[in-house]
1. In this structure, is Lys148 over 30 Å from Glu7 (Cα atoms), among the charged types (D, E, K, R) and over 24 Å from the mean Cα position of the chain (by Cα)?
2. Here are Glu104, Glu69, Glu65, Glu126: which of them is surrounded by 17 or more Cβ atoms within 10 Å (Cβ to Cβ), at pLDDT 95 or above and acidic (Asp, Glu)?
3. Please state which one of Leu62, Leu85 is among the aliphatic types (A, V, I, L, M) and over 17 Å from the mean Cα position of the chain (by Cα).
4. All but one of (1) buried (at least 16 other Cβ atoms within 10 Å of the Cβ); (2) in a helix (DSSP H, G or I); (3) modelled with pLDDT of 90 or more; (4) not acidic (Asp, Glu) hold for Ile288, so report the exception by its number.
5. Quick one: in segment 188-211, of everything that is out of contact with any helix residue (DSSP H, G or I) (no Cβ under 8 Å at 6 or more places or on another chain) and assigned to a loop (DSSP other than H, G, I, E, B), which residue is surrounded by the fewest Cβ atoms within 10 Å (Cβ to Cβ)?
6. Output the residues belonging to segment 42-59 that are more than 23 Å from Lys146 (Cα to Cα) and either assigned to a helix (DSSP H, G or I) or of a type in the set (Asp, Glu) (or both).
7. Which residue out of Ile158, Ile154 is in contact with a helix residue (DSSP H, G or I) (Cβ under 8 Å, 6 or more places away or on another chain), assigned to a loop (DSSP other than H, G, I, E, B) and surrounded by 12 or more Cβ atoms within 10 Å (Cβ to Cβ)?
8. Residues to consider are Pro130, Pro112, Pro144; find the one that is assigned to a strand (DSSP E or B) and without any contact (Cβ under 8 Å) to a residue 40 or more places away in the chain.
Amino acid sequence: MNFTTIETINEEIKNTPGKFIEYAEENYYKQINSVAKDILKSNKHILLLSGPSGSGKTTTALRIEGILEEAGIETHTISMDNYFLSNDKIVDVPLNADGTPDLESPYRLDIPLFKDHLQKLNTREEIAVPYFDFGTGTVTKYTPLKRKENEIIIIEGIHALNPLVTGSDAQIALRLYVSVRTRLKYGELILHPRKIRLMRRLCRDYQFRGRKLNQIVDMFKAVSKGENLYITPFKKHADFEVDTFLPYEVSLYGNYIINALAEQSDEVFESRQTYLELKPFLTAVDNIPIDLVPQTSLVREFIGGSLFEY
């Protein structure tokens with residue numbers, strides 16, 4: 001586990017903010033470029049990419065796709081979210097203590113269909129990739145896909161390393177686990193990586209998904225429970241791991257959430273606790289100019305302005 005301090009971040013922002021961002025982006029790129037090189041050396045044509053919520057799975061998948069494309073290897077990325085069962089077809093999903101469906105469960109997925117498609121992608125048989133519409137809670141269309149001889153398929157999702165979902169994938173796929181692996185320190189305070197991922201979700205969901213911050217905090221409790229049950233236990237199966245933490249990122253998040261989090265912190269107890277936990281870090285860190293952040297940065301997945309479509 002890595003550590004970095006608010007004091008170090010502020011010093012870098014004060015002296016060389018552009019170089020600070022450049023170095024952080026370069027370190028992340030080196031990690032994913034190393035994964036891409038190993039993919040090119042392998043005789044496997046499928047990459048299963050997993051990680052908890054807010055880990056930057058989608059950007060990582062798209063960035064690796066870009067590296068492989070630059071190397072002349074046609075690559076296609078599939079989101080496992082599209083294999084969600086339509087809301088009216090969920091029957092085996094376990095229930096939470098309050099009687100609501102556990103939507104973090106792998107049984108939220110159409111597991112038989114996914115397993116079938118994974119095998120057919122390996123043998124280059126045509127499949128029809130579903131599209132799940134979150135607005136209607138249904139699969140609304142299918143897109144035909146047949147892997148070409150040397151094409152790479154990247155499949156990203158929280159359950160991509162779970163054998164219940166992927167079956168006997170070890171012989172046909174490489175596996176990557178991504179998450180924040182760096183703790184942030186401020187004096188005697190330490191911020192767990194999970195809270196950094198929560199910051200990311202607060203920024204994204206508040207700006208782009210129309211959710212109140214206290215709703216996001218409440219949802220994150222269920223997300224974290226699902227992470228412990230369904231994601232973390234399977235990271236041991238990964239061939240590669242990538243730390244998606246960018247040392248400058250926390251200096252951006254206060255611009256988007258600190259005021260709203262303060263206003264809403266009295267509405268729900270958990271929001272108040274989250275506000276008190278995040279506030280020292282968000283207020284102590286100096287701001288960094290947003291226009292210095294590259295449009296391809298993983299941070300843009302959460303603050304907006306990305307070249308990628310999510």
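1. Against the criterion (over 30 Å from Glu7 (Cα atoms), among the charged types (D, E, K, R) and over 24 Å from the mean Cα position of the chain (by Cα)), Lys148 qualifies.
2. Exactly one of Glu104, Glu69, Glu65, Glu126 is surrounded by 17 or more Cβ atoms within 10 Å (Cβ to Cβ), at pLDDT 95 or above and acidic (Asp, Glu), namely Glu65.
3. Numbers: Leu62 fails: over 17 Å from the mean Cα position of the chain (by Cα).
It is Leu85.
4. (2)
5. Our first condition is that a residue be out of contact with any helix residue (DSSP H, G or I) (no Cβ under 8 Å at 6 or more places or on another chain); within segment 188-211, this holds for 188, 190, 192-193, 197, 208-210.
Filter once more, keeping what is assigned to a loop (DSSP other than H, G, I, E, B): 188, 192, 209-210.
On the way: Glu188: 5, His192: 13, Arg209: 11, Gly210: 8.
My answer is Glu188.
6. Lys57, Thr59
7. Numbers: Ile154 fails: assigned to a loop (DSSP other than H, G, I, E, B).
None of the other options fit; the residue is Ile158.
8. Details: Pro130 fails: without any contact (Cβ under 8 Å) to a residue 40 or more places away in the chain; Pro112 fails: assigned to a strand (DSSP E or B).
Unique residue meeting the criteria: Pro144.
The values are calculated or read from the model by the stated rules, or taken from the named source; none is laboratory data. In this text the structure is predicted, and so the values were computed from the model without any measurement. Note that we place each Cβ from the backbone using ideal geometry, even for glycine, and neighbour counts take in every protein chain shown.
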